[in-house]
Amino acid sequence: MRLDPKFSLCDCVKLCKVDSVSVWTTSTYREVMRNLLGVALLVMATTASAQESLIEPSFGFTWDDKLSEIRQKYPDVTVETEGRYTVARISGDSYSNLPGNTDFVQLTFSQDSSLIKVRWTSDNFTDDRYGTEGKAVFEDVYETLQAKMGPGKLYQYSGIELYEDSDEFYECLEYEGCGAWVAFWDNVENTDSGSMLQLKGLSRGTGYLAYSVEHPKLYEERDRVVSEDLSKF
C-alpha cells in the first residue's frame, strides 16, 4: 500500500516489525533501528495480509457507491473539489452506521464519480499523555480488522527522536521520525492500494485514530494523469 501523505518516508525507513505492543526509548534500540533499515524496507515491499479479494470499505460503504447516492443518503454531507477529485465529508454525529466516536468520514471520488478512497477519523483522545486510551482503541480496532482480513503489517514504536519520555507519546507521533503506531493491509493483486489503521498525534496528551481504505483505481488514475501531463512536454 502506498503510504498516506501524512505518513512520511522518514517514518518508513525507520520502521521495524513487531508482534505485540512495545515502546522503544533507549539508545540501544536506536542503533538496532539503524541496522535494520534494509530489512524494514523489504518488509514494507511485501504483502503480509491474508485476504483473498479486494478490501472493501467499512461502515456500509461500497466501491459501487456514487456521489449522487451519497448526497441522497447523507443530506448534510459537504462536498468540495480537490484538484481532479471530489471529496465528500460526512459528520459522525448523526448516522447509526458510523461508530460512536466518529469525528468524520471522508469519501474521495474520481472524475467518473467512482468511489476510490474512504477515510474515517475518530474524535480526539484528550488528557491521554501516555497514549493509554489511544493504544487500547487501536488494539480493539486492529483485532476487529485482523479477524476480517488476516494479520496486517504492524509497526509500533516511539521515542526515537526528540520526544523520548513516555508521557510525550502523541508529541512523538506528530514529530516526523520519532514514532509510529500503524498497521497496513495490502490488496493481494495490487499492493499499491489497501487499508491503513494509524494512531496520530496532535499535541501533548491529544491524538486521534484514522482508518483509510484505498481502491486500486486511486493510483491507476494518478499514474494515468502523471503520464498524460508528462506527454505534453
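Assorted remarks:
- Residues that are within 17 Å of Ala183 (Cβ to Cβ) and among the β-branched types (Val, Ile, Thr) within segment 113-158 comprise Val118, Thr121, Val137, Val141, Thr144, listed in sequence order.
- Ser193 in contact with a His (Cβ under 8 Å, 6 or more places away or on another chain), of a type in the set (S, T, N, Q) and within 27 Å of Thr86 (Cα to Cα): yes
- Condition met for Val188 (within 15 Å of the chain's Cα centre (by Cα), β-branched (Val, Ile, Thr) and either under 25 Å from Leu98 (Cβ atoms) or surrounded by fewer than 19 Cβ atoms within 10 Å (Cβ to Cβ) (or both)): no
- Enumerated strands (runs of 3 or more DSSP E) restricted to segment 55-167, each holding at least 1 residues that are modelled with pLDDT under 95, of a type in the set (Gly, Ala, Ser) and surrounded by fewer than 19 Cβ atoms within 10 Å (Cβ to Cβ): 85-91
- Matching residues, segment 142-171, being in contact with a strand residue (DSSP E or B) (Cβ under 6 Å, 6 or more places away or on another chain) and within 26 Å of Leu54 (Cβ to Cβ): Tyr142, Met149, Gly152, Lys153, Leu154, Tyr155
The values are calculated or read from the model by the stated rules, or taken from the named source; none is laboratory data. Keep in mind the model is a prediction, meaning the values are calculated, not measured. All Cβ positions, even for glycine, are placed from backbone atoms using ideal geometry, and neighbour counts span all protein chains on display.
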